[in-house]
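Okay, so here's the structure we're looking at.
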Ligand code: XIL
């Protein structure tokens, strides 16, 4: 196959990109997305501060633009994200107890309900673990305890029963304390029937990243009975070292049958969130980089 999406589709996988509604007016951006990718993740447009800036006032229009363009091209869409400690409006942080609990449930019901049937996978909870494998002590954890996570998954399942429900995090690119903490939570969820279908590995990497246990880590999660996805891939650096790191990640996903898709965190270096770096597959002029060829060969 001659494009990333078509190559991934040969093995039943998707190959997506984080997409920003603010660039949809740029022809080269839209053309590269449409030509090479078959999935999209709204980069910011589904986050709490955008979709519900004031309590029970919803703003779906920016993400709707991405979802409708993606679906009209036959692409799948990842939902990102329902519960996260960042990009969350101040009104949420001023709630406590049952008010906080019901605001989270209402948020999930309204947001997942709005796109019901249109989302391949939802990042239900994002970045809720510390590097040492314990729960992140953010205000929802402190006020509601561990149970907020399984409540979020149960609410999301009821709101959009056909979406795959994922836990998503970073610095989980091997067998380490953080990935083991998440692993233990997933194992517990599976044993108690809490609805979880997938784990997302963001994989914001540097070109020298040690990936010696990357594949084994994906496999141990898959062996729990969940899919795994590479959800926010980018690799700092350039040239052959960058390409080699991309190749290792893609080869690991291809070697794990439950690794169902890969999403770099953007289309072009021009708009990467890692400003000053060049971590994506297309350069600022939408030319294919060495990393692109390495990925296409590995798919
Ligand atoms: C980033 C976006 O790319 C930026 O545009 C925004 O300013 C901050 O958030 N982990 C995540 C993503 O789960 O949502 C983050 O996206 C990058 C880190």
**Asked** Hey, how many Å between the Cα centroid of the range 148-194 and the Cα centroid of the range 235-299?
**Response** 26
**Asked** Which value does Rg/Rh take for the range 86-243 over its C-alpha atoms, Rh per Kirkwood?
**Response** 0.99
**Request:** Binning at 10 Å from 0, report for the chain what percent of all alpha-carbon pair distances ends up in each bin.
**Result:** 6, 30, 37, 22, 5, 0
**Message:** Can you bin every Cα-Cα distance in the range 1-109 into 10 Å intervals starting at zero and give me the percent of pairs per bin, rounded to whole numbers?
**Reply:** 14, 39, 26, 16, 5, 0
**Request:** Taking 7 Å along the Cα-to-C-beta vector as the label spot, tell me the residue 143-residue 106 distance in nanometres, rounded to one decimal.
**Result:** 1.3
**Request:** Compute the distance in nm between two label points, each set 7 Å from the Cα along the Cα-to-Cβ direction, one at residue 177 and one at residue 58.
**Result:** 4.0
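Gain in length, residue 22 to residue 9, computed as 0.36 nm per residue apart minus the alpha-carbon separation, to one decimal in nm?
That pair, residue 22 and residue 9, stretches by 1.9 nm at full extension.
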**Request:** Work out how far the C-alpha atoms of the range 105-197 reach from end to end along every principal axis, then list the three figures in whole Å, largest first.
**Result:** 36, 28, 24
**Message:** For a quick check: sort 101, 71 by the number of other beta carbons within 10 angstrom, fewest at the front.
**Reply:** 71, 101
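Taken together, the values in this text are just the output of simple stated rules run on the coordinates, not laboratory data. Since this is a predicted model, take the numbers as computed values, not measurements. FYI the Cβ positions are ideal-geometry reconstructions off the backbone, even for glycines, and counts take in every protein chain you see.
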